[in-house]
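**Q** Quick one: structure below, then a few questions.
We did not get these values from a lab; they are worked out from the coordinates using the rules stated. Predicted model only: the values in this text are computed from it and were never measured. Cβ sites come from the backbone with ideal geometry, for glycine too, and all protein chains shown count toward neighbours.
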């Protein structure tokens, strides 16, 4: 499905849900660790900003932030500033949540709430995992719950939060099955992107896709190399996936927020039975996330180990070499700062690695293509 | 069978005709907006002057315009092509810096397999490229061929802090306004290119023997300042602009021999 078609469909769907079910919509920057279950329990539709940029969107943001700001943050501001017609649904957003995943996130969210007159909600995440940090996280959950209760004019019941937690849990578990399907990386990405956009309301369609794919596996042809894609997410409408597949690469794992980092954050059944307080469950998930790139001090070592194990397993199973592409959206300091460490550590282990830094400009498509093709040639 | 490597760069198009490992003929011309036309013209010209037919040669294209050349039998990126091409001149080389019209690259070659094991490349920004030098030569009103020699006459290089082509041009104009000499400005410009490219190259751990190729390798000042920034001597091949095309022709040969 073309992204324009996806956005048009989503726009109609969101409008219907808002009007028919009288629901509010809360938007937030895509990669933030926002407890969307809490929003869902309040009868609010969470909307993750997960849209790729363009030259026009980035330049539309330059009245608010310099061009040396994260290209994704520029894109989010550009979407509000220029309001392209495929993004009409952004007009339906009732609140925008400001969180602190990174400086650009804070800046972009603050600008969107201030200059585009969207009421603001706050949810801040601690950068450590000690007991005080976990208490802080719980306090933030309580505070967010209070803010949401004021909006909806009623108490959010624990049983409703638990119900939402179980609903999202089931959805993410199902989504994780996509990983094992015999389909192209671009098809997996399309599913992940749609899942991020629609949330658990996409479950039935997702189950159909998975069942169909399992009963009728497709032989994936013209693939020279299998790849793991890490770093910044590939957002809706990004042409990068085409460049990778045109060069003969197939992404077998999206180790990004749109992909593994999202669907891997699930609760064990044992946890769901043992912990009755739903907010404590959310705290437990925050605590157990070993790959939390802010709060886990040795997350990079965990990531190196995770990637190495995945690659070894895949190579043993298929006999195919696996390379890693670390996607760095320009001026995303957060991912940028880790690039050398990650590259050195994985190269030490004999893994082919490419740091692919870029913005959303069409002008660098040629160079981007050269870097990807050269990486494939290097792998061969 | 003879092979032809065509390297269509953003500023220059290069073509090399080889028989096994011997260079029989070559062409260099300025690229136009029409990559296909310039590549085809050079190709037809070299065939005609060497009494060859299309079926006598296997063609490998490379460079920014590699996909625009429909006469090519196959394609390879300029990163792989340069890594192969420089080994024609320096078989033991371990590292490459290629500065072309639109981009600059640093490439690391495995001592064991002689293949590329890592590379860095600038993105759309023209800083540290041949285009940057062209804009600066224009701002200084000096022919591009002479700007390197001019830079080396300086005893007091001007500080060019900006690596952005647009900002650096403004900086050059303001240096003029302050009465700074042309050679001091030229020297500052060359140092800024060397600093930027060396920084990129160090990130992948380049080491001797390092081959400097691409059109900008003909500029003596960039070479000297790169040596200072890197802290070791570097070498340039006899035909620095042709290494991509030579590499493509050699890769074509390897493909035919398989």
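**Q** Need one number: the % of Cα-Cα pairs in segment A:117-218 sitting beyond the 20 Å mark.
**A** Working: 3009 of 5151 pairs.
Looking at segment A:117-218, the distances longer than 20 Å represent 58 percent of pairs.
**Q** To the nearest 500 deg cm²/dmol, what mean residue ellipticity at 222 nm is calculated for chain A from DSSP H runs of n ≥ 4 alone, each contributing -39,500 (n - 2.57), summed and divided by the residues?
**A** Calculated from helices alone, the mean residue ellipticity at 222 nm is -16000 deg cm²/dmol.
**Q** I've got another one for you. Does anyone have the angle between helix B:182-202 and the longest principal axis of chain B? Alpha-carbon axes, 0 to 90°, nearest 10?
**A** 60
**Q** Using helices alone, I'd like the mean residue ellipticity at 222 nm for chain B: each DSSP H run of four-plus residues gives -39500 (n - 2.57), total over residue count, nearest 500. Please report the intermediate quantities before stating the final value.
**A** Numbers: 8 runs with 104 residues, N = 258.
Dividing the helical sum by the residues of chain B leaves -13000 deg cm²/dmol.
**Q** Quick check: from the Cα gyration tensor, does segment A:284-356 come out rounded (a/c under 1.5), prolate or oblate?
**A** Details: a/c = 2.21, a/b = 1.26, b/c = 1.75.
Oblate.
**Q** Another question, if that's okay. Bin width 10 Å, alpha-carbon pairs only: give the P(r) of segment A:80-173 as whole percents, running from 0 to the bin holding the largest distance.
**A** Spelled out per bin, shortest first, that is 13, 32, 39, 15, 1.
**Q** With 20 Å bins from zero, work out the P(r) of chain A over every alpha carbon pair and list the percent per bin.
**A** Going from the shortest bin to the longest, the percentages are 27, 62, 11, 0.
**Q** Using the Kirkwood radius built from alpha carbon pairs, what does the Stokes-Einstein equation give as D for segment A:177-379 at 25 °C and 0.890 mPa s, in µm² per second? Kindly include the intermediate steps, with their values, before the conclusion.
**A** Values: Rh = 18.2 Å.
Approximately 135 µm²/s, per Stokes-Einstein.
**Q** If you don't mind, there's one more thing I want to ask. In angstroms, what radius of gyration and Dmax does segment A:190-241 have, counting Cα atoms only?
**A** Spelled out, the Cα radius of gyration and Dmax of segment A:190-241 are 13.6, 36 Å.
**Q** With 5 Å bins from zero, work out the P(r) of segment A:73-125 over every alpha carbon pair and list the percent per bin.
**A** Binned Cα distances yield the sequence 4, 21, 32, 26, 13, 4, 1.
**Q** From Cα pairs below 8 angstrom and at least 6 apart in sequence, can you work out the relative contact order of segment A:99-253, rounded to a whole percent?
**A** On the way: 112 pairs, mean separation 27.5, N = 155.
After rounding, I find 18 percent.
**Q** Next question, about the same structure. Quick one: compute the contact order of segment B:91-236, relative version, from alpha carbon pairs under 8 angstrom and 6+ residues apart, as a percent. Please list the in-between numbers first.
**A** Numbers: 276 pairs, mean separation 45.7, N = 146.
Reported relative contact order: 31 percent.
**Q** Right, here's the next one. For peptide B:112-121, how many partner chain Cβ atoms fall within 10 Å of a residue's Cβ, on average?
**A** Working: counts 0, 0, 0, 3, 5, 3, 8, 6, 3, 6.
Neighbouring Cβ atoms belonging to other protein chains average 3 per residue here.
**Q** Need one word for segment A:149-198: rounded, prolate or oblate. Basis is the Cα gyration tensor (sqrt eigenvalues a ≥ b ≥ c); a/c below 1.5 gives rounded, then a/b vs b/c decides.
**A** On the way: a/c = 8.10, a/b = 2.44, b/c = 3.32.
Because a/c hits 1.5 or more and a/b fails to exceed b/c, segment A:149-198 counts as oblate.
**Q** Compactness ratio of segment B:210-257: Cα Rg over 2.2 N^0.38 Å, N = residue count? Please report the intermediate quantities before stating the final value.
**A** Working: Rg = 13.4 Å, N = 48, 2.2 N^0.38 = 9.6 Å.
This ratio for segment B:210-257 stands at 1.40.
**Q** Next up: Considering the convex hull of the alpha carbon atoms of segment B:1-153, report its projected area averaged over all viewing directions, in nm², one decimal. Intermediate results must be reported in sequence, preceding the final value.
**A** Details: hull surface 42.2 nm².
Its average projected convex-hull area is 10.6 nm².
**Q** Would you mind checking the tilt of helix A:278-288 against the longest principal axis of the Cα atoms of chain A, expressed as 0 to 90 degrees and rounded to 10?
**A** 30
**Q** Does segment A:241-325 come out rounded, prolate or oblate, given a ≥ b ≥ c as the square roots of the eigenvalues of its C-alpha gyration tensor, rounded meaning a/c under 1.5 and, failing that, prolate meaning a/b above b/c?
**A** Details: a/c = 2.28, a/b = 2.23, b/c = 1.02.
Cα axes put segment A:241-325 in the prolate bin.
**Q** Starting from the Kirkwood Rh over alpha-carbon pairs, what translational D in µm² s⁻¹ does segment A:3-168 have by Stokes-Einstein at 25 °C and 0.890 mPa s?
**A** Numbers: Rh = 16.7 Å.
D = 147 µm²/s.
**Q** Give the relative contact order (percent, whole number) for chain A; include only Cα pairs under 8 Å separated by 6+ residues.
**A** 18
**Q** For segment B:91-236, how big is the tail of P(r) above 27 Å, as a whole percent of Cα pairs? Provide the component values of the computation, followed by the final result.
**A** Working: 2045 of 10585 pairs.
Counting every Cα pair in segment B:91-236, those more than 27 Å apart make up 19 percent.
**Q** Hey, how much of the P(r) for chain B falls beyond 22 Å, as a percent of Cα pairs?
**A** On the way: 17702 of 33153 pairs.
In whole percent, the long-distance tail amounts to 53.
**Q** Also, quick follow-up: Report the Cα-based extents of segment A:1-55 along its three principal axes, largest first, to the nearest Å.
**A** 36, 28, 18
**Q** So, R0 is 45 Å and r is the distance between the beta-carbons of residue B:153 and residue B:21; what FRET efficiency does that work out to, to 0.05?
**A** Details: r = 40 Å, r/R0 = 0.89.
It comes to 0.65.
**Q** Also: Mind pulling the angle between the C-alpha long axis of helix B:220-230 and the longest principal axis of chain B? Nearest 10 degrees, somewhere in 0 to 90.
**A** It is inclined by approximately 80 degrees.
**Q** Report the dimensions of the protein assembly as shown along its three principal axes from the alpha-carbon atoms, largest first, rounded to Å.
**A** Sorted from largest, the Cα extents of the protein assembly as shown read 84, 65, 44 Å.
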